[in-house]
Every structure is written in structure tokens, then in C-alpha cells.
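I have placed the structure first, in the form of C-alpha cells, so that the comments after it can refer back to it.
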Amino acid sequence: MDVFLEVNIMDIKNKVVWVTGAASGIGRATAEMFFQKGAKLLGTDIQEELGKEVVAQFGERGLFIKADVTSTEESQKAIAAAKGKWGSIDILINCAGYTRTYPVVTQDGPGPLEPFVKEINIDLIGAYDVARLAGFEMTKNKPNDLGERGAIIQIASMAAITSNSLISGYATAKAGLVHLTDILACAYADYGIRCNCILPGYIRTAITESPEQNPFIDISKDIDFNLFPKKVGEPDVIASACVFMVENTYINKTGLKVDAGFKLRS
Ligand code: NAP
């Protein structure tokens, strides 16, 4: 058996890439970057109008389906539509995400339970469900010469490892997602499917621009960009990391921090 692997690049051209959360921010930038590499794009999101607008740029290589990651039925419909058009799902980039800021405790009583539950439902259970459904579709793909059938990237967060108490459900869900990445990589290994995750730092999107969603809105007070570059990232810094992790076949069961080495002050 030849046990040595040289640099091996998964060819993205003509692959069917499913991007959840494709209407906005990191998902949008990722869909656009994979399109530039020649992929066919299934974009899903709960934001229908914006999602359609994004995918319209891709012409015949684009398909938008409104689908909530917490609905197995809607995800299945999206998969069926993409398979009807192109015959397979080859790559999943799971970008859909939800967060709210709320306390664990106040002087008047315990904090609310509802946003914690919603974050776990979308950011962890929803992320598992889309990976579970897409991963199964990938098992049916014809393997390439290396035996590879597909690749999954989960967008986790640096909140998985460094957080504050105002985003308890989100941070907990993202920590779970990092661990889940390991489990999925093991589960899909025999089928030639890799699973990795990315832990973005502070990226300029709708989430970071909204005080309702982001506890670190005052960047100069909350975030220490003490290394290089001392800058907030644009969504395409994460999109390009997705492309790199999909293309490089030797990257599996890995969580990649993409945060310019930032530190939270609070
Ligand atoms: P974004 O611009 O708000 O994009 C997220 C998209 O997901 C939005 O269109 C959102 O719709 C959609 N969405 C929310 N709930 C959904 C659901 N249940 N099913 C399907 N789509 C849903 O935010 P972003 O920053 O690009 O976030 C993308 C991913 O990166 C998220 O997983 C986020 O946790 C992660 N992340 C972001 C940062 C950052 O600094 N921006 C850092 C670390 C991790 P609505 O706008 O209607 O909610």
C-alpha cells in the first residue's frame, strides 16, 4: 500500500456546494468565493429576499431555497432541489448562526431561558442536522482517486473558547460544535468525507454591528488586537479559509482559529 500522500487539492470546480446562512455576512462571502472557484451553489437562509439576490448573481450555477436549519423538512427540500438540478451535494459550509445578548443573572432574578434554548437549537442542533443530512448525501457520491466523496465545514466561533457571560447559549453551542466536528470527522472517515471547523474572531457582519447580538460592540474597549494585523476582519477572510480547508485534502478533524490573534478584554 502506498501510504504517502503528496499535496492533494480537492477540485472545487463544478462541485455542488451547500452554504447555509448564504444571504448575509460570512455565508454570502463564502458562496461568492466558491462561485468564483467554479462551484455550483445551493444557498439557504431564512432571509428569502436577500438570499435570492445573492444567488441571482450565480445564474445557472446558483439555487436559493428558503430553509431554516432547525427544520429537517426544509433542509431536505433544499437538498432535493439541488440534487434535482445537479445530482449531488459535494460540500457543506454551515454558516447559519444566531446570537443574542442577555444576562445569566440580574438582581431581580435569573436571566431568560428562551434565547439560550434558541441558540442551542440553531447553532448546535441545526448545525448537526444539516451536517447529518448533507453528510449522508455525500456518502452516495462516486469517490475520486483518493477515495474522497465530500467535505464539511462548520462555522464555529472564538466564543467557543473565549467568551463573556452575555452570550452563554451561543458560546456553549459553538463549543459543542467544535467537539462535534471531531465526532463527525470520525463518523464520516470510512466514506472519504472530511469534517473541519473554523473559529472566526471578530468579523464585520450584521451580527457584530448589532448591540442586540454582540456584547463586544465597543471594539476599542472590549477587544485587544494586540498582534498583527490590528484590524477587524471582513467576511472574505473567513470565506478564503473555507476554500483553503476544503481544497487541502490533508486537513481533517481540525478547528482553525481565524482571528488575527485577538484577545477579549472583558
Ligand atoms: P450574519 O450576517 O447575520 O449571517 C447569518 C445568516 O444566518 C443571516 O442571514 C441569518 O438570518 C441566518 N440565519 C439565522 N438563523 C437561521 C436559521 N435558523 N436557519 C437559517 N439561517 C439562519 O452573521 P455572520 O457573522 O455572517 O455569521 C455567520 C456565522 O459566523 C454564524 O454561525 C456566526 O455565529 C459565525 N461567527 C461570526 C462571527 C463574527 O464576528 N461575525 C464570529 C464568529 C462566528 P437573520 O439575519 O434573519 O438572523
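Quick rundown of the values:
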| quantity | calculated |
| --- | --- |
| Cα lying deepest toward the dipole's positive end in the chain, options Leu113, Asn248, Gly21, charges on Cβ | Asn248 |
| Projected label distance in nm at Arg132 and Lys77, using a 7 Å step from Cα toward the beta-carbon | 2.0 nm |
| Residues Trp86, Trp18 arranged by fewest to most Cβ contacts within 10 Å | Trp86, Trp18 |
| Ile183-Leu227 pseudo-label distance in nm [points 7 Å out on the Cα-to-Cβ vector] | 2.9 nm |
| Under 14 Å, Cβ to Cβ, from Asn164 - net charge with Lys/Arg +1 and Asp/Glu -1 | +2 |
| Protection proxy ranking, peptides 173-185, 145-157, 104-116, 252-264, average beta carbon neighbours within 10 Å, highest first | 145-157, 173-185, 252-264, 104-116 |
| Size of charge dipole - the chain - debye, nearest 20, with Cβ of Lys, Arg +1 and Asp, Glu -1, no other charges | 320 debye |
| Modelled FRET efficiency - R0 41 Å, Gln36 with Gln107, Cβ distances, 0.05 increments | 0.20 |
| Estimated distance in nm for a label pair at Lys85 and Asn164, the labels positioned 7 Å out from Cα along Cα-to-Cβ | 4.2 nm |
| Rg(Cα)/(2.2 N^0.38 Å) for the chain, N = residue count | 0.99 |
| Sequence ranges 5-17, 21-33, 64-76, ranked by mean other-Cβ count within 10 angstrom, highest first | 21-33, 64-76, 5-17 |
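Laboratory data are not the source of any read-out in this text; all were calculated from the coordinates shown. Everything quoted here is computed from the prediction, not taken from an experiment. All Cβ positions, even for glycine, are placed from backbone atoms using ideal geometry, and neighbour counts span all protein chains on display.
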